1. Find how much the distance from Glu65 to Leu178 grows on full extension, using 0.36 nm per residue of separation minus their present alpha carbon separation; answer in nm with one decimal.
2. So for Glu43, Glu64, fewest C-beta neighbours within 10 Å to most, what's the order?
3. Between beta-carbons, use under 13 Å as the cut-off and find the net charge around Glu175, counting Lys and Arg +1, Asp and Glu -1.
4. Quick one: which residues, 5+ away or cross-chain, put their amide H under 5 Å from the amide H of Thr22? H built at 1.01 Å from N.
5. As a footprinting exposure proxy, order Ile112, Ile189 by other Cβ within 10 Å, with the fewest listed first.
6. Hey, rough spin-label estimate for Arg117 and Arg82, points 7 angstrom out along Cα→Cβ, what's it come to in nanometres?
7. With a 10 Å cut-off between alpha carbons and a GNM built on the chain, which of Gly27, Gly126, Gly138 moves the most?
8. Given Cβ point charges of +1 (Lys, Arg) and -1 (Asp, Glu) and nothing else, what value in debye, to the nearest 20, does the dipole of the range 35-144 about its Cα centre take?
Amino acid sequence: MDLDLGKIVETLKRGGVVAWPTDTTWGLLAAAECPEAIERIFEIKGRPREKPLQLLVANVAVAEELTDVDRCGLAWKLLTERFWPGALTLVVPASAKAPAALVHAGKVGLRIPNDDRLRELIAAMGGWLAATSLNRSGEAPAASYEEALTFADEVDLVHPGKSGGTASSVYELPEGRLLRSGPVSESEIEAVLEAAWTKD
């Protein structure tokens, strides 16, 4: 049975950390503007602080508020129209509005999940949430609700459900570089971008 969305929003707004089965992997969610919650995620994972979390966003309009879109070129429009919502994370130049704790070397990782209920939660939290996979750093993400429950003592809520099972592809703009392979293949990305690269 799904947990009440209002309860989840309340938990996140008071600095809680929530385990959620996203359309890619099981994930950890927190309010991006809450330093204590972000720090808890790093502690749960044992993750180096120089490896920032990503942002899950509610829609493209919100993503564009967080991105220096002009520096991304036509590739931004092509990739977001083709692959969002879905399993592609874009690492892009951050705008001044992007939460500083999630910006590294001027870049921020963004993704719109293909999950209506999760997007509803993200919208209720102002349009974005800090996120990362549910696992110890260097280990595979939790693969089931039962595995997610092994983190129950370290998080505030574990939302029941089933994840998509595979971490998202990660692609960097404007460099045009695949940083992590995933459900969206490099050949798919290249096919979509061909129009961008051939236009002067």
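1. Numbers: separation 113, 0.36 × 113 = 40.68 nm, distance 2.32 nm.
Residue separation times 0.36 nm, minus the Cα-Cα distance, leaves 38.4 nm.
2. Numbers: Glu43 11, Glu64 19.
Neighbour counts put them in this order, fewest first: Glu43, Glu64.
3. Working: positive: Arg71, Lys107, Arg177; negative: Glu172.
Taking every other residue near Glu175 into account, the sum is +2.
4. Residues meeting the criterion, in which the H sits 1.01 Å from N, are Gly27, Gly164.
5. Working: Ile112 24, Ile189 20.
With the sparsest Cβ surroundings first, the list reads Ile189, Ile112.
6. Modelled inter-label distance: 3.2 nm.
7. Ranking Gly27, Gly126, Gly138 by mean-square fluctuation puts Gly138 first.
8. Numbers: 14 positive and 13 negative charges, 53 e Å.
So the magnitude is around 260 debye.
Just so you know, all these numbers are worked out from the coordinates, no wet-lab data involved. Here the structure is a predicted model, which means the values were calculated and not measured. We place every Cβ from the backbone using ideal geometry, glycine too, and count neighbours over all the protein chains shown.
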